[in-house]
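Notes follow once the structure below has been shown.
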Amino acid sequence: MKFIPVAQPKIGKSEQLFVSQCLSSSWISSTGKFIAEFEKKFARFCGSSYAVSCNNGTTALHLALAALDIKSGDEVLVPALTFVATANAVKYCGATPVFVDIDRQSWNIDPLLVEKKINQRTKAIIPVHLYGYPVNMKAIMHIARKYNLYIIEDAAEAHGAKYYNKMVGTFGNIGCFSFYGNKIITTGEGGMCVTDNKDLAKKMVLLKNHGMSPKRKYFHPLMGFNYRMTNIQAAIGLAQIKQIYRFIKRRQVISDTYKDYLEKLPQITFQPENPNIESVCWLFSCLIKSSGKKNRENLIKYLKAHQIDSRPFFYPIPSFPMYSHNGTYLLADEVSRQGINLPTYADLSNAQIKYICQTVKNFFS
Ligand SMILES: *Cc1c(COP(=O)(O)O)cnc(C)c1O
């Protein structure tokens with residue numbers, strides 16, 4: 001039995017073809033036809049007016065915050081349970097991430113707790129669609145309007161997920177995506193910001209290109225960054241976006257198959273299903289109710305011994321030294337301790353899923 005990884009990109013003939021076109025044309029840096037084409041296709045996929053490419057998902061978040069002029073003295077609300085980059089991007093602007101606990105069902109930022117953390121310094125909220133499961137955006141947008149806050153969606157794990165039939169990443173002012181190798185589509189490393197606001201799109205283009213005026217070369221009205229995507233990355237991205245509906249569909253089947261096999265296990269719970277929520281199952285995720293030695297850590301070891309990789313959930317961000325403070329985030333702590341991600345990628349076969357689930361059942365029996 002071959003080792004089953006948690007994630008693996010699907011790279012085929014068209015990725016190779018487009019990349020070899022870059023190489024043979026020598027347009028390998030951040031100018032070239034694939035960049036604009038990938039941006040156009042990604043914007044269309046999301047249903048956004050503008051898409052601005054950049055070199056990873058973290059810089060996408062930083063660009064979005066910088067374009068909205070988030071700065072020192074500002075506070076930005078961030079879920080306590082997410083990948084560390086969400087909070088780091090806030091710090092890069094000199095602002096302070098303020099953590100909000102998650103809700104028990106979605107494992108996403110709890111809108112009921114958000115309002116308690118809002119004060120005069122609060123400028124924005126970054127809802128994160130964790131593991132591909134959409135945030136309750138109705139509640140978040142209601143709060144944003146009530147308190148006049150910016151919304152930057154961290155959709156790094158949720159390309160194509162829908163909430164009330166609308167793509168995540170298109171609810172707030174700016175939506176941010178990652179194309180890291182394990183994400184739903186990949187460019188190796190890469191990122192994208194989508195928005196319907198022309199001025200914000202223009203500002204992000206300026207910022208990612210050293211703050212250089214598009215009208216006056218080598219004149220820099222702003223301090224920018226070099227966060228540009230290369231034509232080679234965009235070539236891979238263009239080949240990937242052409243297959244995205246197939247990738248998402250396969251992930252849906254993978255998720256359904258896992259649930260069919262595992263739903264009768266009393267030790268396992270999933271996020272609830274809801275006709276208005278279309279999760280994309282970035283990584284199949286469930287919570288493990290431990291009893292004695294039948295706990296998550298031992299399950300991970302048991303799976304590894306049977307050639308199956310898995311991942312514990314992220315640690316709560318406030319548990320890291322650079323963010324540690326007095327707040328308590330009971331649900332983030334609990335879900336972080338109980339959660340496990342199982343292998344999820346387009347080429348994972350139904351037979352492999354069956355084997356993984358049988359191994360999980362054997363562990364508990
Ligand atoms: C992957 C990820 C990021 C960062 O993306 P990179 O491309 O790795 O920089 C940000 N937020 C979340 C929730 C992620 O999963």
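The values are calculated or read from the model by the stated rules, or taken from the named source; none is laboratory data. Small disclaimer: the values here were computed from a predicted structure and weren't measured. Neighbour counts are summed over all protein chains in view; Cβ atoms, including those assigned to glycine, are modelled from backbone coordinates with ideal geometry. These accessible areas exclude ligands, DNA and RNA; they are computed on the full protein's heavy atoms, side chains included. Shrake-Rupley method; radii C 1.70, N 1.55, O 1.52, S 1.80 Å.
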Practice problem: Please work out if G211 is open to solvent by less than 10 Å² (accessible area, probe 1.4 Å) and within 16 Å of the ligand (Cβ to nearest atom). | Solution: no
Exercise. Within the stretch 66-84, track down each residue that is within 12 Å of the ligand (Cβ to nearest atom) and open to solvent by less than 10 Å² (accessible area, probe 1.4 Å).
Key: V78, P79, L81, T82
Quiz item: Within the bounds of the stretch 110-119, is there any residue that is under 19 Å from S279 (Cα atoms), away from the ligand (no atom under 13 Å from the Cβ) and open to solvent by 10 Å² or more (accessible area, probe 1.4 Å)?
Solution: yes
Self-check item: Of all residues making up the stretch 157-207, the number that are touching a residue at least 60 places away in the same chain (Cβ under 8 Å), more than 10 Å from the ligand (Cβ to nearest atom) and of a type in the set (D, E, K, R)
Solution: 5
Quiz item: Hey, D103 hits all of (1) open to solvent by 70 Å² or more (accessible area, probe 1.4 Å); (2) more than 16 Å from the ligand (Cβ to nearest atom) but one; which does it fall short on?
Solution: (1)
Self-check item: Subset tally (residues that are under 20 Å from Y131 (Cα atoms) and out of contact with any helix residue (DSSP H, G or I) (no Cβ under 7 Å at 6 or more places or on another chain)) for the stretch 257-266
Solution: 3
Quiz item: Hey, does the stretch 2-22 have a residue that's open to solvent by 70 Å² or more (accessible area, probe 1.4 Å), of a type outside the set (F, W, Y) and at pLDDT below 95?
Solution: yes
Self-check item: Members of the stretch 307-354 found to be aliphatic (A, V, I, L, M) and open to solvent by less than 40 Å² (accessible area, probe 1.4 Å), listed by number
Solution: I308, I317, L331, A332, V335, I340, L342, A346, L348, I353
Practice problem: Could you pull out every one of the helices (runs of 4 or more DSSP H) wholly within the stretch 127-242 that has 3 or more residues that are within 30 Å of V6 (Cβ to Cβ)? | Solution: 231-241
Quiz prompt | Matching option when the condition is open to solvent by 40 Å² or more (accessible area, probe 1.4 Å), touching a residue at least 24 places away in the same chain (Cβ under 8 Å) and either of a type in the set (G, A, S) or touching a helix residue (DSSP H, G or I) at 6+ places or on another chain (Cβ under 7 Å) (or both), among I241, I254, I232 | solution = I232
Practice problem: Return the total of residues in the stretch 164-208 being open to solvent by 40 Å² or more (accessible area, probe 1.4 Å), farther than 28 Å from L342 by Cα and out of contact with any helix residue (DSSP H, G or I) (no Cβ under 6 Å at 6 or more places or on another chain). | Solution: 7
Quiz item: Within the stretch 265-291, restricting attention to residues that are without any contact (Cβ under 8 Å) to a residue 24 or more places away in the chain and in a loop (DSSP other than H, G, I, E, B), which residue is least open to solvent (accessible area, probe 1.4 Å)?
Solution: F270
